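To keep things clear, I will list the structure first and then write my remarks on it.
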Protein chains: 2
Amino acid sequence: MAENPVRFGIIGCAKIATKVARAINLAPNSLLYAVGSRSIDKAKNFAIVNGLSDAVKLYGSYDQVLDDPCVDIVYLPLPTSLHVHWAVLAARKKKHLLLEKPTALDVTELDRILEACESNGVQFMDGSMWLHHPRTVKMKEMLFDSGLFGQVHLIHSTSTSMGMTEFFENNIRVKADLDALGALGDLGWYCIGATLWSKNYKLPTSVTALPDTIKNSDGVILSCTASLHYDDGDQPTEKSATVIIHCSFLSYTCTDLSISASKGSLHLKDFIIPFQEDSAIFNYTLDAKLVDLHIGWNIVKPEKVVVDCELPQEAYMVQELARIVEGIKKSGCRPDSKWPEISRKTQLVMDAIKQSVDLGCKPVCLTEN
Amino acid sequence: MAENPVRFGIIGCAKIATKVARAINLAPNSLLYAVGSRSIDKAKNFAIVNGLSDAVKLYGSYDQVLDDPCVDIVYLPLPTSLHVHWAVLAARKKKHLLLEKPTALDVTELDRILEACESNGVQFMDGSMWLHHPRTVKMKEMLFDSGLFGQVHLIHSTSTSMGMTEFFENNIRVKADLDALGALGDLGWYCIGATLWSKNYKLPTSVTALPDTIKNSDGVILSCTASLHYDDGDQPTEKSATVIIHCSFLSYTCTDLSISASKGSLHLKDFIIPFQEDSAIFNYTLDAKLVDLHIGWNIVKPEKVVVDCELPQEAYMVQELARIVEGIKKSGCRPDSKWPEISRKTQLVMDAIKQSVDLGCKPVCLTEN
């Protein structure tokens, strides 16, 4: 571990906190310093179950974590409806912020959080782990930096996970007062993020929900599909980009990302969480075409790229945030605007999809502001 | 070769006729008996270029092929606008029919062809080769016969092929008077076919074009996307199926089929034409899920099924048609209604997509009739 690791405090002992606590322990520049829950017993139980060091401070309230001057970064995995309150409070206490996704119920709420971070000079990052995986970095390099694939024309991004009866009865993700965005917030967040990532964070021109949205009796989205459109072309026959995102608590586990561009295509089946931690793959084709007579192709199969990983992707996320915070603390750097901008664009597109669902699948236009 | 092979006559020396001529020669129960073109020179040239046996009759008109009493089956690869005339004529001359796709400009035209086949007791089949591949048979077995995958929820079907300048200037596929359906007819046909196949030939409830259609100056579709919806569920939270088809002459070669169901998913990148002739693969996952803490999956990668092939898929198609025709000729069997029904449903969905495009992306409902 580094000599002066950046110190994390976790508020809320959600299941995902276990994964992030492990990541904080694995990241070489980070230290899990404190855990706060609504009761000290819950915090103690979390420490035991996760085998935390005795040195980790355990608190029976969230406020105590925020008031601890030794905590640099607060990780906030609370239900979405509680984000704005606790995130703003954390920023005001000068805590840098790792906020679980979806970041907020809408962009107005998120803007309150981001403004609090901005005015208090603290770093903001949401918990999209896959963006920090070395595979994602490698794919970005191939997609953009080299220009190998040309212009992106079609993106299919799917995130589904089958809920069981107990999930639909009790999970916060389907409760209107806790995570009102349902599958769109929990799973669609990744699909939207993958879209923006694939288009180098350009916002789509318009967003249209497809007529397959399923809600529970509380009006929480359990499953939906949306099409996103990019008007990129200058010429009438120049192709713009079409994106389909699909998220659902009613389908078998599926986390597909497929990107087709003018010169090639790229696809992977595990873009959100890689099949295995120590290495991950993606497939692509370039210059693939049918041979004469169209009796086959000039390739036998897609190419495969294997990317080895020293850390799990969530530890890379923690490491990156700690690196930025270290720069702010030690060298007086300004917070990095990249991460809040990515979160805000993701939230903007999510809002637009929600609005299109609410408007009965009417198209909703987006503007860059 | 069989003792009394079924005899094919080809009318029109389109490029695709070369591939089908080869398939007829490869299929053990079939014989290429005659080739007719608008001029005898073209027919002779076709015979030379394709190294046809001297025994193949060469005709300087289509009518001569239809009038030859030895021809059992006519293969018709003419531009779509000519289908209804020549297909009806062939049926009236008691020729069984292998008709290139798209089968007609609309279902009204196709019905004229199918009625002519019906009333003359001849078999109809369209030229969708992939339906005859042993891989397709194997996938169907897994998808339906075993019930392994459960209910199909999401289908992505893409068929794109980048046209060059010469293509957009001269190819019949972008000419309003020849193949007015453009990319939808030429490439979308496969995507629609794959959808119907995946849903065991149930028609979607509604079809909606997405707002990304690109047409040339003649109004021919160069690229489009459509969403197809199946209202399958009896319960409010029961998931129906959503299908996205995308076809384009403006994108790099891509022929993807991805099917997500309630218990598994299946995908392949070369569903229309396999990468290689002698064997083909598809991938699937079953019972795949995230492990505890969501730090990975219970699988390392999707499963792969390899299907070996003795013949190219187009030869299986020819063989199947010849088998049915042999039964009609020798045993007085009735024509098989399966193949015309598949073609008609495909055409119906294509018409609905075209209509939705023409209506500015309004949903178009379909009924089983």
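Any read-out appearing in this document is the output of simple, stated calculations on the displayed coordinates, not a laboratory observation. Here the structure is a predicted model, which is why all the values come from computation and not from measurement. Note: ideal-geometry Cβ built from the backbone for every residue, glycine included; neighbour counts use all protein chains shown.
Stokes-Einstein at 4 °C, 1.567 mPa s, Kirkwood radius from Cα pairs: D for region A:266-366 in µm² s⁻¹?
Taking Rh from Cα pairs, D becomes 71 µm²/s.
Suppose only helical runs count, i.e. DSSP H with n ≥ 4. What mean residue ellipticity at 222 nm does that imply for chain B under -39500 (n - 2.57) per run, divided by all residues and rounded to the nearest 500 deg cm²/dmol?
-9500 deg cm²/dmol, from helical runs alone.
Just to be sure I understand the rule: take each whole DSSP H helix in chain A, project its Cα atoms onto its long axis, keep it if the span is 15 Å or more and its mean Kyte-Doolittle hydropathy is at least -1.0. Which ones pass?
Numbers: long enough: A:15-26 (18 Å, 0.49); A:107-119 (17 Å, 0.05); A:313-331 (26 Å, -0.29); A:338-358 (30 Å, -0.65).
For chain A, where a helix must reach 15 Å along its axis and average at least -1.0, the hits are A:15-26, A:107-119, A:313-331, A:338-358.
For a quick protection proxy, order the peptides B:334-342, B:185-193, A:92-100 by their average other-Cβ count within 10 Å, most packed first.
B:185-193, A:92-100, B:334-342
How compact and how long is region B:183-327, expressed as Rg and Dmax of its alpha-carbon atoms in Å?
Calculated on Cα positions, Rg and Dmax stand at 18.6, 61 Å.
Report the Stokes-Einstein translational diffusion coefficient (µm² s⁻¹, integer) for region A:71-169, Rh taken as the Kirkwood radius over Cα pairs, at 37 °C with viscosity 0.692 mPa s.
Rounded, D is 204 µm²/s.
Cross-link candidates for B:K42: which aspartates and glutamates have Cα within less than 18 Å, leaving aside residues fewer than 8 places away along the same chain?
B:D54, B:D63
Please give the net charge around B:N25, taking every other residue with its beta carbon less than 12 angstrom from that of B:N25, where Lys and Arg add +1 and Asp and Glu add -1.
+1
What full-extension length gain, to one decimal in nm, is calculated for A:V300 and A:K362 as 0.36 nm per residue of separation minus the Cα-Cα distance?
Length gained between A:V300 and A:K362: 18.0 nm.
Determine the distance separating the Cα centre of region A:284-327 from the Cα centre of region A:49-71; give it in Å without decimals.
38 Å
What is the extension gain from A:V307 to A:I40, computed as 0.36 nm multiplied by their sequence separation minus the C-alpha to C-alpha distance, in nm to one decimal?
On the way: separation 267, 0.36 × 267 = 96.12 nm, distance 4.15 nm.
The A:V307-A:I40 span can extend by a further 92.0 nm.
Among the DSSP beta bridges whose two residues both lie in the protein assembly as shown, what percent are antiparallel, rounded to the nearest 5?
If I count the DSSP bridges inside the protein assembly as shown, around 60 percent turn out antiparallel.
How long are the three semi-axes of the equivalent ellipsoid of the protein assembly as shown, in whole Å, if each is the root of 5 times an eigenvalue of the C-alpha gyration tensor, listed from largest down?
For the protein assembly as shown, the ellipsoid semi-axes come out as 56, 23, 23 Å.
Could I have the simple spin-label model distance between B:E341 and A:K202, label points 7 Å from Cα toward Cβ, reported in nm to one decimal?
Label-label distance for B:E341 and A:K202, simple model: 4.7 nm.
Residues with beta-carbon under 10 Å from that of A:C309, excluding A:C309: net charge, scoring Lys, Arg +1 and Asp, Glu -1?
Neighbourhood net charge equals -3.
Hey, can you rank B:253-265, B:125-137, A:135-147 by average C-beta count inside 10 Å, highest first? Kindly include the intermediate steps, with their values, before the conclusion.
Values: B:253-265: 23.6, B:125-137: 21.9, A:135-147: 15.5.
Descending mean neighbour count gives B:253-265, B:125-137, A:135-147.
Taking the Cα centre of each part, how many Å lie between region A:81-151 and region B:84-113?
Going from one Cα centre to the other spans 59 Å.
Can you check how the C-alpha radius of gyration of chain B compares to 2.2 N^0.38 Å, as a plain ratio?
Working: Rg = 21.1 Å, N = 369, 2.2 N^0.38 = 20.8 Å.
That ratio works out to 1.02.
Have a look at the DSSP beta bridges in chain A and tell me what percent are antiparallel, nearest 5. Don't skip to the end; give the middle numbers.
Values: 39 of 66 bridges.
Here the antiparallel bridges make up roughly 60 percent for chain A.
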